[in-house]
Every structure is written in C-alpha cells, then in structure tokens.
Amino acid sequence: MVASLCFVRRLATARLLPVLLCLILGMGAIAPAGVVLAQAPERIFFPPGATSVNVGGALENGDAKSYVLRALAGQTMTVGAAYVAYPYQISVSDANGALLGAANAGASWTGVLPTNGDYYLTIEPGTDSASVFYNFVLSIVSSAQPTPQPTVAPNIERIYFAPGATTATIYGSVAAGAPRQYVLRALAGQNMTVQTNSSGPFRLTLSGADGSVLGYTDANQPLTAPLPRTQDCYIYLQAPAGSSRANYTLQVTVANGGPAPTATPLPRPQTQRITFAPGAISATVDGYVNVTRPASYVLRALAGQDMTVQFYGGGPYRATLTGADGSFLGAANSGAAINTRLPRTQDYYITVNAPADAPASNFTMVITVVGAAQRPTPPAPTTERITFARGEVSAIVYGATPQNYVLKALRGQTMYVELFTNSGAPAQVRIVSANDQPLGSASQSAAWSGTLPATQDYYLRVASPAGAGSASFTLRVTIY
C-alpha cells in the first residue's frame, strides 16, 4: 500500500511537471545566484522513417526522469518497459498534465492519443535503491498501421534442486508480451522432463546454452528430452498475443538416462554463417529442410539492434532464434516471421526443423538487422556489506554492474563464490583482499573457491566488460 501511495504521489507530480517547468523557466531571469533550476524534460526524436525508438538510463538517489515527444491525434503510442534490475514505473501524460496511462517495469501500455501536441513520459523508481536502471521501447504508429506489441525481455530465474532431489517445482504467471525464462544446469546423458499445469495457453521451448533447440510443447503437455552435453539448459514460456495472464505450475525432473536408443540419432546440422554485403542491412538465404536434415545458420549482431527473420515457401517447418548465451528470442512457422530486439552483442543462431512425417521442402529466408540502441553510461560502483543470517553459511544478493561488496571472514575459512547473469551484458566478479591483493574470479560459467589467507575484510567487485553496458546479476557467497 505504501509503495502504491508513493507512485500515486509521483504521478500527481508528473501531471503538474509541464506547468511547473514553464513557471520555473519563466522565473529564470530573476532566480538568485546559486539556485539550480529543475532540468527540462529530454526530447525524444525518432530516426528517419522509424516508428519506434529504444531509450535507457539510470535514476539516481530516488530522482525521477522525464522525456517529451511530439505526436498527432489518432496515433497509437505503445510503451514497453523492460525489467532491468529494480522496479520502476513510466507514466504518460499530455501537455495539460492529464494522465493517459502507465506501465510498470516488465509490462507495457498502449493508447490512442487524443490531440496534436507534446506528450510527457515520466519515469519513477519503485525502490529506495541509489541507482535504478530503466530501458523502454517507445512506438508511435498511425491508425492505419497495426499496433506494435513489444515483447519485454524476460528475467532469467535459476532453478535449484534440494539436496538429493531430482525434481523441482516452480510457481509463476505469464502474459502476452511478458515471457518467462528459467535456467538450470544438467549433465550429458541425463533426461529432462518438463511438465506444466496452467490456467491459460503458452508455448514452452527447451534450449541449450550452445544454441541447440532440445524440444518444444504447449501448456499442460509434457516434454522429455535427452541432454546431449553438460551445460545450462533454458526453459522459455511465451503466451500468444491477446491472451490474458495465466498462472502455472512448472515441474522439472532431471534423471540419469537409460540405455542408448537403437534408432539413428538426428544428425547435428552443419551451421552456415550468414554475412551481409558491404552497407547492406539484409541478406537472403535459400535453404532445404526435412525430418532428418535440419538447417542451421549463425550471424553476428549487436546489442540493441532489431532483427527480423521472414520465411517464404515450403512447409511445414518451424524456425527458432537463439543467442549464443542460450537465450530464446522467438520462433516462427513456415510463412511467418520472427521479430525481436537483440539483448547483447554476440552470435545468433537460426535453426529450422521439419516435424515428423512432414515432406522435405525448400524455403527462402530474409534476415534484416537495423539500428543500434545507445547504452547509458554505467554509474560508479557502490560498496555494499554482505551479512549472513544467523546460523547460515550462504548469502544471496542481487544487483546490477558495476557493484562492489565487502564481507568479513576468518583465516583458514573457505570461500565459494557463484555469479549468475540474469539479463544484459556479461559479468565477472573479482575477489580481492583488504589490501587489494587478487585472489581469483568467477563468472556465469565458472565459480571460484579458495582458502582465505587472513582474518579481514574481503571485497567482491562485480563488473561488465568496458563498453558492454550493464548486467543484472545474482551473487551467492558461501563461507565454511
């Protein structure tokens, strides 16, 4: 209730913001020396011919941020707010301060604009954190164009099994435009079974960190897949457009596999790298697929770019788009398209599979990659002290890079550090002593363990590569 009242107060302030700014700027000539006037909203401009733009930044010390843009009566505005690391809200108001709507982080708002003029977007933090990162996609289309439905990039939740257990159960909800994604570690030769019980429809896709698609199914239908290698496995849930929010129970079972099947395994397809001609933003590829011969392609693209993969001819077949980090970005059947905004700079894999008993078919694929969102400059890291609950040997903290932590430990104790990247750029944690002597590092793919040399404070410095942007992460520290 307190958080809701805070948002209401902030939205009331947002309605008066344009009027207050005019009064403040009008009095600028008589403001006494040393008085800092409120900053005017930052104006948003669209690239030539574009109907959408990506905007990101950070809110410092609980402050708000405002943007303004020009739009016409009858146009449709869509604001899709990604959940980066902490909650926030974007409110939309007209030039008179009338509130048109709002979108919380991880959701979107769509509305038809009533008049020609300026419109204001005010971003308010939903937490007392010193730094709240935000990122949203703003789209403006005329009434003759279809309303875009931006898909907010999901947060990745890691699944853990209780000691000795082979099954874990997770409860959640999924809605159109707000997919859910989970990750868990499993071994080569094991079998994974995923069973859902849901009140509404969604599509479930299981993929590996190497970009391979291990299977897909619908809500309330089980999926069992043999795991070809030891790696992280990703479970992606996506609700169809227009569907209401659905609650679900997700049960994941991982067990050792039985005897090897006698049937000939499906061959892993050779991956063809796609390159664009100099200055081009698209490439056309002709392919062939049947039940024993899937097609696989890979291309390099940048964080913030928009990729469209359009398929023509042949069928039936199903194509999936995944990142080299294992993230699932979309799927399409023959004759359809995949549209997505790319979360990071890396290789992206397009895999085309034909269903059982389907005839072989030729197809044409057109890949288009445009734009590149500007990254906000990350703030200087802060230092937070980690404390353990009474009787516990582990502590879990959540944050966004760059971030430093400090904790007290004793000589001869063993420290075990695990880092999980939830979204955004890659991240790494460096472990150093009180005199800045390096002890080791950990990342998404490798934990760190070491015996501590002295009784003192130890520092854990979490950062992303220079120029790669910020990462949302989960850090677990164990001392025994």
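With N residues in segment 400-442, what two-decimal value do you get for its Cα radius of gyration over 2.2 N^0.38 Å? Write out the running numbers ahead of the final one.
Details: Rg = 11.9 Å, N = 43, 2.2 N^0.38 = 9.2 Å.
Relative to the 2.2 N^0.38 Å estimate, segment 400-442 comes out at 1.30.
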Worksheet item: So, in nm, how far is label THR455 from label ASN96 when the simple model puts each one 7 Å beyond its Cα toward the Cβ?
Response: 7.1 nm
Worksheet item: In a solvent-free Debye calculation with one equal scatterer on each Cα, what is log10 I(q)/I(0) for segment 46-125 at q = 0.16, 0.18, 0.27 Å⁻¹, listed in the order of the q values?
Response: -0.61, -0.77, -1.48
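Per residue, how many Å² of accessible area does segment 361-480 show with a 1.4 Å probe? Don't skip to the end; give the middle numbers.
Working: 5870 Å² over 120 residues.
Here the residues of segment 361-480 average 49 Å² of exposed surface.
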Practice prompt. Could you compute the FRET efficiency for SER441 and VAL141, with r as their C-beta to C-beta distance and R0 at 56 Å, rounded to 0.05?
Written response: 0.75
Practice prompt. First measure r as the distance between the Cβ atoms of LEU302 and THR169, then evaluate 1/(1 + (r/R0)^6) with R0 = 30 Å and state the FRET efficiency to the nearest 0.05.
Written response: 0.20
Item to complete: Take the Cα coordinates of segment 297-403, assign each an equal point scatterer, and use the Debye formula without solvent to give log10 I(q)/I(0) at q = 0.09, 0.10, 0.13, 0.21 Å⁻¹.
Response: -0.41, -0.47, -0.64, -1.08
Discussion item. I want to check the label-to-label distance for ALA188 and ASP210. Put each point 7 Å from Cα in the C-beta direction and report it in nm to one decimal.
Written reply: 0.8 nm
Worksheet, complete the sentence: Here, PHE46 and ILE281, labelled 7 Å along Cα→Cβ, have an inter-label distance in nm of 1.4 nm
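Taking the solvent-accessible surface of protein heavy atoms with a 1.4 Å probe, what is the per residue accessible area of segment 168-239 in Å²? Each step should come with its number before you reach the end.
On the way: 2600 Å² over 72 residues.
In whole numbers, segment 168-239 has 36 Å² accessible per residue.
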Practice prompt. Work out, step by step, the length gained on full extension between ALA356 and VAL370: first 0.36 nm times the residue separation, then minus their alpha carbon distance; give nm to one decimal.
Written response: 1.5 nm
Worksheet item: Kirkwood Rh over Cα pairs of segment 419-470 into Stokes-Einstein at 10 °C, 1.306 mPa s: D in µm²/s?
Response: 132 µm²/s
Discussion item. Between ASP118 and GLU60, how high is the FRET efficiency from 1/(1 + (r/R0)^6) when r is the Cβ-Cβ distance and R₀ = 22 Å? Nearest 0.05.
Written reply: 0.30
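The values are calculated or read from the model by the stated rules, or taken from the named source; none is laboratory data. Predicted model, so just to flag it, every value in this text is computed and none were measured. Cβ sites come from the backbone with ideal geometry, for glycine too, and all protein chains shown count toward neighbours. Note: areas computed on protein heavy atoms with side chains; ligands, DNA, RNA excluded. Shrake-Rupley method; radii C 1.70, N 1.55, O 1.52, S 1.80 Å.
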